[in-house]
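*Asks:* Just passing along the structure, written as structure tokens.
The values are calculated or read from the model by the stated rules, or taken from the named source; none is laboratory data. None of the values given here were measured: they were computed from a predicted structure. Here the Cβ positions follow ideal geometry from the backbone for every residue, glycine too, while neighbour counts run over all protein chains shown. To get the accessible areas, we keep the full protein, side chains included, count just its heavy atoms, and leave off ligands, DNA and RNA. Shrake-Rupley method; radii C 1.70, N 1.55, O 1.52, S 1.80 Å.
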Amino acid sequence: TNKSDTVTLASAVTTNIDLCQTAWTASANVTTGTSTTRKEGTLSITITPGASFTTGLLAYRATGLLDLSAYTKVSFWVYNGGVSTLNANSIRLDLCSDTAGTVPVHSYTIPMAISSAYWAPQLFDNGAALSSSIQFIALVALTSVTNTVIQLDNILACDKLTLTSLISTSSSATAVDFWPIKSINGTTIKLSQGANHLASQTAKGYYGTTTTATCY
């Protein structure tokens, strides 16, 4: 719709793993909670390691049994709410087949450093079908992550449409505009104005003829 920041799909092409509306269970010397600083919905989750935390399992959550075998990729948002840079290769997101969050079948180590107060979209390409029996999601610290507050939001299984995508009503790079994505939830895509554009803020959105069209 002209001047709207919402794009509605005919049918969903992603599956939610966790919309991050409920705090995860914390490991020892870690505090978890929620924040209204978010990309989707009303909340994101917060994970705050204490001064005595070293490495290992930070927090986890039961997802219920998920069959993600129709997808090959996982996409999500991560935010550094601490005062120190979150170093590259310091945290890992695990999708687990057990009910304790200790048997990962898919693991994604975040390869980039994330500055304080910055949202970074992530995309993990498994290169093959994801598991048909995911039951837990977990965040693991591989190195020291003190002085950081890690926030996660909008964790989903996907293929061609991801949180790192740009979308358009044309396949021509010169014909029309392409828009970045703030969030994806089922058939609803929210358009963004940049990495730190939040769910509480309205984007300028699509500008053009109101239409039903192929999404590129």
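*Asks:* Do we have L86 as over 14 Å from I150 (Cα atoms) and surrounded by 20 or more Cβ atoms within 10 Å (Cβ to Cβ) here? Don't jump to the end; show me each part of the working.
*Replies:* Details: over 14 Å from I150 (Cα atoms): no; surrounded by 20 or more Cβ atoms within 10 Å (Cβ to Cβ): yes.
Answer is no for this residue.
*Asks:* If you check D153, D159, which single one turns out to be open to solvent by 30 Å² or more (accessible area, probe 1.4 Å), modelled with pLDDT of 95 or more and within 28 Å of G205 (Cα to Cα)?
*Replies:* D159
*Asks:* While we're looking at this one, here's another question. For the stretch 89-139, how many residues are open to solvent by 40 Å² or more (accessible area, probe 1.4 Å) and either of a type in the set (K, R) or in contact with a His (Cβ under 7 Å, 6 or more places away or on another chain) (or both)?
*Replies:* So in the stretch 89-139, the residues open to solvent by 40 Å² or more (accessible area, probe 1.4 Å) come out as 89, 92, 99-100, 102-105, 107, 109, 111-113, 115-118, 121, 123, 125-129, 132-133, 135.
Imposing the further condition that a residue be either of a type in the set (K, R) or in contact with a His (Cβ under 7 Å, 6 or more places away or on another chain) (or both) reduces the set to 92, 126.
Result for the stretch 89-139: 2.
*Asks:* Can I ask one more? Please go through the stretch 179-216 and pick out each residue that is farther than 22 Å from V74 by Cα and open to solvent by 70 Å² or more (accessible area, probe 1.4 Å).
*Replies:* Matches in the stretch 179-216: Q193, S200, Q201, T202, K204, Y207, T209, T210, T211, T212, T214.
*Asks:* On to the next question. Among the residues in the stretch 61-72, are any surrounded by 14 or more Cβ atoms within 10 Å (Cβ to Cβ) and within 17 Å of Q151 (Cβ to Cβ)?
*Replies:* yes
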